[in-house]
Amino acid sequence: MDAAGPPLHPARAVGRSAGSAQPSRACPSVAARAQGFGIRSWSIPAQDPDSAYLQCLAARHYVEAAGSPGLIELHTTRIGGHSSSDPHTIYREPEELAAAAADDPVTRYRDRLLGAGVVDTEWLADVDADIDVTRRRLIEEFGH
């Protein structure tokens, strides 16, 4: 084991198989598969960032204390395609896309922080600008 400790691997689960309008039932969750290999895993809903963070932190503490690897499966709803070449609007219903956009946890969390006075619009504008710069750099480096 290196100085950084055992690995804790995050995975994102979106509840559907690629190219299918139906939830995937052919294989168990990533977290269930990890347990089949003796790897401690956690399956965490990611709709509430504070709750997801606390559960991930608890998983990290477990991995550090146990000295063994772990896997976190975060359940979220995908708003966009898997990639820029994924025509997800063909196999996803408009109602599903609208519901996902309306329940975007990032937007809800942003609004909650703004409403509580934790951040202000200037700070959020700076974050948006940083995200835009990073997104463009990643697209230039790794393609679209």
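The values are calculated or read from the model by the stated rules, or taken from the named source; none is laboratory data. Being a predicted model, the structure only gives us computed values, none of them experimental. Heads up, the Cβs are rebuilt from the backbone with ideal geometry, glycines too, and the neighbour counts pull from every protein chain shown.
Quick test for you: out of Val106, Val127, pick the one residue that is at pLDDT 95 or above and either aliphatic (A, V, I, L, M) or farther than 22 Å from Gln47 by Cα (or both). Quick ask: steps written out before the conclusion?
On the way: Val106 fails: at pLDDT 95 or above.
Result: Val127 is the single residue among Val106, Val127 that is at pLDDT 95 or above and either aliphatic (A, V, I, L, M) or farther than 22 Å from Gln47 by Cα (or both).
Please specify each residue of the stretch 87-117 satisfying the condition of being of a type in the set (Asp, Glu) and either at positive phi or touching a residue at least 12 places away in the same chain (Cβ under 8 Å) (or both). Before you say what the answer is, go through the steps one by one.
Our first condition is that a residue be of a type in the set (Asp, Glu); within the stretch 87-117, this holds for 93, 95-96, 103-104, 111.
Within the stretch 87-117, Glu93, Asp103, Asp104 meet the criteria.
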Counting only residues that are hydroxyl-bearing (Ser, Thr, Tyr) and under 20 Å from Asp48 (Cα atoms), which one in the stretch 104-144 is surrounded by the fewest Cβ atoms within 10 Å (Cβ to Cβ)? Thr107
Within the stretch 1-58, residues being β-branched (Val, Ile, Thr) and modelled with pLDDT under 85 number 1
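Going by the structure shown, is Thr77 surrounded by 11 or more Cβ atoms within 10 Å (Cβ to Cβ), β-branched (Val, Ile, Thr) and touching a residue at least 60 places away in the same chain (Cβ under 8 Å)? Steps first, please.
Working: surrounded by 11 or more Cβ atoms within 10 Å (Cβ to Cβ): yes; β-branched (Val, Ile, Thr): yes; touching a residue at least 60 places away in the same chain (Cβ under 8 Å): yes.
Yes; evaluated as a whole, the condition is true for this residue.
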Whether any residue in the stretch 78-87 is hydrophobic (A, V, I, L, M, F, W, C) and farther than 28 Å from Arg33 by Cβ is what I want to check. no
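Having 1 or more residues that are of a type in the set (Asp, Glu) is the bar; report the helices (runs of 4 or more DSSP H) wholly within the stretch 27-144 that clear it.
Values: elements: 30-36, 49-66, 88-91, 94-102, 105-115, 121-142.
By residue number, 49-66, 94-102, 105-115, 121-142.
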